[in-house]
Amino acid sequence: MTESQPDLECRDLTKDFDAFRAVDHVSFDVPQGSFFSILGPSGCGKTTLLRMIAGFQSPTSGDLRIKGKSMIGVPPNKRPVSMVFQHLALFPTMNIGDNVGFGLRQRGVGKAEIKTRVEQVLERVGLPHVSERRVDQLSGGQKQRVAIARCMVLEPDVLLLDEPLGALDLKLREHMKIELKSLQHAFNTTFVYITHDQSEALVMSDNIAVMNKGWFEQIGSPHEIYHHPDTAFVAGFVGDANKIDAKVTEVNGAMLTLATETGSEMKVEAAGTGLSVGQPAQVFLRPEAIALGASDAAAESTANISHGTVETVFFNGANSTVTVKDGAGHLVKVAMPQTGDFATLRKGDAISTRWLPKQARCYAVSGDV
């Protein structure tokens, strides 16, 4: 059985603006009916990449295919894509039905068919019987769904979304993450989603591409990106992590022994890094990988254990953290256990931390980190 052709294929795409390279030899596929996110900081090139897919900008080199057909030289209005912008761009002087049917009118579709298709798509996004309402009569979340309906009524092969939740308040953003994923599943349409918000990408995506300085550092599932980052940039950008600068002092198979500048020592299980004795490295350790308090003797023989004092306690419900200053003066952020055992911790309290060598990630130091 052969695999179906991806809805979107990008091959060695490059975009130069005079001497500046915004997109640097990017290649990826997006399978039909999947949710693909491009995640990266501001200025990394993700919006430029999206605009090339939409046809608003032309690549300097490379190829871009939708349903197997090259889009190079094809204008935006001839491409089987639609785009949802951050600020939605709904027409305030039109009612909801006219907003959703705008693209169909531009294509010369008959009035009766437009009315039928508009009602059908509004029903599918959970907004039946709102055709006659004005835009200003809808909530922020409803406007988001209208913007998606306006795109989906055109039956695109690929829907492009450029940070569409950025203008919403926090609670509505959290709600719309679930809504968007549900809508994508209901329409079974390929979504390509641009964001700098890692939470959005992790919650909604089938696959994520982490972009940095014009190129992709890693493409993988949310689980792979979070738990098995390929590079120091991905480890530091996706999720929360303690970053520790150290130097390799011993290599024993996959087990590395490292020392910080202050002389504190740690062991990290890091197969395949190619690190050697004397080489500088960066260790990334997630707050939830660190345990507080004493452990049993068996665990203590294999764990990295440190004794220190509480520097700060940040209460944030289930996401509460504590910062611990170890004997060498390093600050380490630790996720607060939900057992309630450490609910009374206060600044200055003595506390120990421990973590297993396999729970950290280790990378050679490069000039890009």
Can you compute the equivalent ellipsoid semi-axes for the range 8-236, i.e. the square root of 5 times each eigenvalue of the Cα gyration tensor, sorted largest first and rounded to whole Å? 30, 21, 15
Residue 139 to residue 5: FRET efficiency via 1/(1 + (r/R0)^6), r the Cβ-Cβ distance, R0 35 Å, to the nearest 0.05? 0.35
Give the cross-link partners of residue 111 among the aspartates and glutamates, using a straight C-alpha distance below 17 Å as the criterion and excluding same-chain residues fewer than 8 apart. 98, 119, 132
Within the chain, what percent of beta bridges assigned by DSSP are antiparallel, to the nearest 5? 75 percent
Alpha-carbon Rg/Rh ratio, for the range 14-68, with Rh computed the Kirkwood way: 0.96
Which value, in debye to the nearest 20, gives the size of the charge dipole of the chain about its Cα centre, when Lys and Arg are +1 and Asp and Glu are -1 at the Cβ? 1240 debye
Distance in nm between pseudo-label sites at residue 315 and residue 271 (7 Å out along the Cβ direction from Cα): 4.5 nm
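Counting pairs of alpha carbon atoms under 8 Å apart in space and at least six apart in sequence, what relative contact order in percent does the chain give?
Averaging sequence separation for qualifying contacts and normalising by length gives 15 percent for the chain.
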Expressed in µm² per second, the diffusion coefficient of the range 258-351 from the Stokes-Einstein equation, with Rh the Kirkwood radius over alpha carbon pairs, at 25 °C and 0.890 mPa s, is 165 µm²/s
Once residue 178 and residue 16 are pulled to full extension, the length gained, defined as 0.36 nm per residue separation minus their Cα-Cα distance, is 54.7 nm
Starting from the Cα of residue 347, draw a straight line to each of the lysines and keep only those under 21 Å, dropping any in the same chain fewer than 8 residues away. 325, 333
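To the nearest 20 debye, what is the magnitude of the charge dipole of the range 22-91 about its Cα centre, counting +1 on the Cβ of each Lys and Arg and -1 on the Cβ of each Asp and Glu?
260 debye
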Karplus-derived HN-Hα couplings along the range 304-314 (A = 6.51, B = -1.76, C = 1.60, θ = phi - 60°), whole Hz, x at Gly and Pro: 7, 10, 9, 10, x, 10, 6, 8, 8, 10, 10
For the chain, what is the calculated [θ] at 222 nm in deg cm²/dmol (nearest 500), taking -39500 (n - 2.57) for each run of four or more DSSP H residues and dividing by its residue count? -7000 deg cm²/dmol
Between residue 74 and residue 197, what is the label-point separation in nm under the 7 Å Cα-to-beta-carbon projection? 3.1 nm
Here the alpha-carbon Rg of the range 2-113 over 2.2 N^0.38 Å rounds to 1.25
Per-residue counts of other Cβ atoms within 10 Å, averaged by peptide: what ranking do you get for 33-42, 311-320, highest first? 33-42, 311-320
According to a simple spin-label model (label point 7 Å from Cα along Cα-to-Cβ), what is the distance in nm between residue 111 and residue 169? 4.1 nm
Cα long-axis angle, helix 140-152 against the chain (0 to 90 degrees, to the nearest 10): 60 degrees
Where a Cα-Cα gap under 21 Å defines reach, which lysines qualify for residue 181, not counting those fewer than 8 residues away within the same chain? 46, 143, 171
Leaving ligands, DNA and RNA out of it, report the carbon-plus-sulfur percent of the accessible area of the chain at a 1.4 Å probe. 51 percent
How large is ³J(HN,Hα) for each residue in the range 226-238, as worked out from phi by the Karplus curve 6.51 cos²θ - 1.76 cosθ + 1.60 (θ = phi - 60°), to whole Hz, x for Gly and Pro? 6, 8, 9, x, 6, 10, 5, 4, 5, 4, x, 8, 9
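The values are calculated or read from the model by the stated rules, or taken from the named source; none is laboratory data. Values in this document were obtained by computation on a predicted structure and should not be read as measured data. Here Cβ is always computed from backbone atoms with ideal geometry, including for glycine, and neighbour counts include all displayed protein chains. In case anyone asks, the SASA skips ligands and DNA or RNA and just uses the protein heavy atoms, side chains included. Shrake-Rupley method; radii C 1.70, N 1.55, O 1.52, S 1.80 Å.
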